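These notes are about the structure you will find just below.
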Amino acid sequence: MNITPKDDGLLHLAGMALWTRDAGSEPLPAAAMLNPRARGRASLLTLMFAEVVGQAAAEAEFEHGSFATVYGSSFGEMERLIELLHSMQGSASEVSPLRFQTSVHNAAAGQISIASKNTAFSTSIAAGNNTVAMGFVEAVAWMKTYAQPLVLALGDEAPPARLHPGEPYAPIAAAFAFVPPSEARPEHARLQVHLNEAGGPPRAGLVHNPCAVLQPLTAWLAAGSVGVFSLSGAAGSAYCIERL
Amino acid sequence: MSPAFCTDFTLCNALGRSRTEVLNKLAAGQTGLQPGVASASLEPPFSTCVGHITGVLPALPPALATYESRVARLTFLLARDIAASVHKAIARWGPRRVAVVLATSTGGLAETETAHRAALRDEPLPPGYGLLRTHSLAATAELLQAMFAVSGPAFVVSTACSSSAKALASAHRLLHTNVADAVVAGGVDTLCSLTLNGFAALGILSPTMCKPFAADRNGINIGEGGALLLLEREGQGPALLASGETSDAHHMSAPDPTGHGAEQAMRLALQHSGVLAADVGHLNAHGTGTQLNDAAEAMAIARVFGRGPLVASTKGYTGHLLGAAGATEAAFCVAALLDQCVPASLGSEPPQPDLEITIASQPQRLASPFVLSNSFAFGGSNISLLFGADTP
């Protein structure tokens, strides 16, 4: 089943960015959207989102503070949450109000909207190992309803080692800037999201970053290939993106 | 937008464990808030009132046992209540056309608090604890997908206190854009230490019953609970007609004192529905009971509606249900349309005299087919949902 019929509601990709911590990368993203004070206080997830949202919006030539945003993260602000749980081992008064208000799942959305004075629609979702796929579904539904510029940002930090005693994995985030059909240019990739009939059971374990598919997805889109890309990996339910 | 018909709904919170119990106590003007916290593991070192669900929540069936957590048990209890209607929808539309859009701000955080304490002591994690199935926000949506054996899109919206209102708006878009034909939508949140201590650290917990819009209001009460609504593309009766969503871009935890973002959210909901402000008869306010929130919201309501709609906050009955507040208050709006009755704004008497809105001091007859519900949140997240008794 297509959820973006070919004659209507395609996603027109006008900008894209990826950040991950690999060999040779800086330990923290520059996150130029945030002022130095906000940058100093921000979690890694918020820094990653600020970096990729800023880059993707700039590439799409979006006006500062005038685009909708959909954020997706499987675990959200885990780093901040663990800091708070540590602080609660002492007296309750040690809970920092600043850290508490930036521990919510939409903390990045709030900080980035404040930094960019963006009063437009924003939402933050989670869908476990299907977070990337569901981010695209939410973006498609919003674009088809309102037809306004939108940035979809997806990512996850590394899991807390104490609560996830498996192999650690790298943090990753990516953003995709979409323009409405009326503003699409020939050079913009035209994407269609599919809910395929043949899906598998969701993965029970947590071997990879839930958003790990962002790296091959952005590489595939950057290569300009035409065809179908599976968002869910070998064993996940089969959500796909087709580039027309 | 095409309407999203609410073909069934249920609730569970401090007022009761079923739709009937909750709505009967709401109509009777009874509060579910109690002084102190009815759980030794949560007892905070400060005075407050809490909306606690009493009694033991039902155990998950063996097939769903890997999702075990208090919030999962609450989700299961709610789903069981509307299971007959959901199965009818599945039979009508097919399992691939039924989506799940839930909301939670805490997920399994209470269990993660326990697991973290164990980890700090170098003890094994509690049996069955796992990040994906216990802690993850998405586990509640996965549980419902598994319970109903549906395979439409499934995700969780988590934008703090606006979460479940935004889940309903997301569900509406899935129906409007033909991604799904039916959506099980709503929100669930349960009490945990971090939430209580975090709001205490912000200095906005009330030591007494909360008093939304009252002159001497002094903060919020936290509660736990949930609501599920079955939304379908075809049906009869109350329907979600439109939503308006904005960001304050002002402060992470304090509302814009001008109420500009809230005002724009309400105006967008009206614009997207085509309903006139003068035709809205009742407004379920976010109305948390803090000085800042209620003042900003009242100003925004007054600019959009004047003194027209009967304004009520239902936080005085249930406490602030955080990620479940929006869906719970949406369910109260649907009930208001069905019963043609506006609940009293419990704790609001006497209201702050200079607020230029009409507070429902007593239950009153609803004389209009349109009602609106506001939800605002950390991060400056604003949403207004507009419901109608029939399609306009």
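The values are calculated or read from the model by the stated rules, or taken from the named source; none is laboratory data. Because the structure is predicted, anything quoted here is derived from the model rather than measured. Here the Cβ positions follow ideal geometry from the backbone for every residue, glycine too, while neighbour counts run over all protein chains shown.
Results, tabulated for the structure shown:
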item: Number of positions in the range A:213-227 that are modelled with pLDDT under 90 and either within 14 Å of another protein chain (Cβ to nearest Cβ) or part of a strand (DSSP E or B) (or both); result: 0
item: Within the range B:322-344, tally of residues that are within 17 Å of the chain's Cα centre (by Cα) and assigned to a helix (DSSP H, G or I); result: 15
item: Pairs, first more than 11 Å from chain A (Cβ to nearest Cβ) and surrounded by fewer than 24 Cβ atoms within 10 Å (Cβ to Cβ) in the range B:162-186, second assigned to a loop (DSSP other than H, G, I, E, B) and modelled with pLDDT of 95 or more, C-beta under 7 Å, six or more apart; result: B:Asp181/B:Arg233
item: Test: B:Glu234 is farther than 19 Å from A:Val104 by Cβ and in a helix (DSSP H, G or I); result: no
item: Residue in the range A:36-48 that is farther than 30 Å from B:Ser47 by Cα, more than 14 Å from every other protein chain (Cβ to nearest Cβ), in contact (Cβ under 8 Å) with a residue 40 or more places away in the chain and buried (at least 24 other Cβ atoms within 10 Å of the Cβ) present; result: yes
item: Within the range B:245-262, considering residues that are surrounded by 23 or more Cβ atoms within 10 Å (Cβ to Cβ) and more than 9 Å from chain A (Cβ to nearest Cβ), the one modelled with the lowest pLDDT; result: B:Pro255
item: Filter result for the condition that a residue is under 15 Å from the mean Cα position of the chain (by Cα) and at the interface with chain B (Cβ under 7 Å from one of its Cβ atoms), over A:Ala120, A:Ala107; result: A:Ala107
item: Single unsatisfied condition, B:Gly203 versus (1) under 21 Å from the mean Cα position of the chain (by Cα); (2) under 21 Å from B:Leu33 (Cβ atoms); (3) part of a loop (DSSP other than H, G, I, E, B); (4) within 14 Å of chain A (Cβ to nearest Cβ); result: (1)
item: Evaluation of B:Ser47 against (1) within 14 Å of another protein chain (Cβ to nearest Cβ); (2) surrounded by fewer than 15 Cβ atoms within 10 Å (Cβ to Cβ); (3) in a strand (DSSP E or B); (4) not aromatic (Phe, Trp, Tyr) (one fails), failing number; result: (3)
item: Among (1) at positive phi; (2) under 17 Å from the mean Cα position of the chain (by Cα) - the single one B:Gly94 does not satisfy; result: (2)
item: Criterion violated by A:Val137 - all others in (1) farther than 25 Å from B:His116 by Cβ; (2) surrounded by fewer than 24 Cβ atoms within 10 Å (Cβ to Cβ); (3) within 7 Å of chain B (Cβ to nearest Cβ) satisfied; result: (2)
item: Verdict on A:Thr131 being within 7 Å of chain B (Cβ to nearest Cβ) and surrounded by 20 or more Cβ atoms within 10 Å (Cβ to Cβ); result: no
item: Of the criteria (1) in contact with a His (Cβ under 8 Å, 6 or more places away or on another chain); (2) at pLDDT 85 or above; (3) within 14 Å of chain B (Cβ to nearest Cβ), which one A:Leu206 fails; result: (2)
item: Condition check for A:Ala126: touching a Leu at 6+ places or on another chain (Cβ under 7 Å) and at the interface with chain B (Cβ under 7 Å from one of its Cβ atoms); result: yes
item: Selection count where residues are surrounded by fewer than 24 Cβ atoms within 10 Å (Cβ to Cβ) and of a type in the set (D, E, K, R), scope the range B:312-349; result: 2
item: Checklist (1) touching a strand residue (DSSP E or B) at 6+ places or on another chain (Cβ under 6 Å); (2) assigned to a loop (DSSP other than H, G, I, E, B) applied to B:Gly128, failing item; result: (1)
item: Residues of the range B:122-151 that turn out to be within 10 Å of chain A (Cβ to nearest Cβ), of a type in the set (A, V, I, L, M), in contact (Cβ under 8 Å) with a residue 24 or more places away in the chain and surrounded by fewer than 21 Cβ atoms within 10 Å (Cβ to Cβ), as a count; result: 1
item: Qualifying position, being within 23 Å of A:Thr123 (Cα to Cα), touching a Lys or Arg at 6+ places or on another chain (Cβ under 6 Å) and either assigned to a strand (DSSP E or B) or among the hydrophobic types (A, V, I, L, M, F, W, C) (or both), among B:Ala227, B:Ala180; result: B:Ala180
item: Search result, residues across the range B:87-121 that are buried (at least 22 other Cβ atoms within 10 Å of the Cβ) and not in a helix (DSSP H, G or I); result: B:Val98, B:Ala99, B:Val100, B:Val101, B:Leu102, B:Ala103, B:Thr104, B:Ser105, B:Thr106, B:Gly107, B:Gly108
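Here is a yes/no grid of residues against (1) buried (at least 20 other Cβ atoms within 10 Å of the Cβ); (2) in contact (Cβ under 8 Å) with a residue 60 or more places away in the chain; (3) touching a strand residue (DSSP E or B) at 6+ places or on another chain (Cβ under 7 Å):
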position: A:His64; (1), (2), (3): no, no, no
position: A:Arg80; (1), (2), (3): yes, no, no
position: A:Val95; (1), (2), (3): yes, no, no
position: A:Ser116; (1), (2), (3): yes, yes, no
position: A:Phe121; (1), (2), (3): yes, no, yes
position: A:Ser124; (1), (2), (3): yes, no, yes
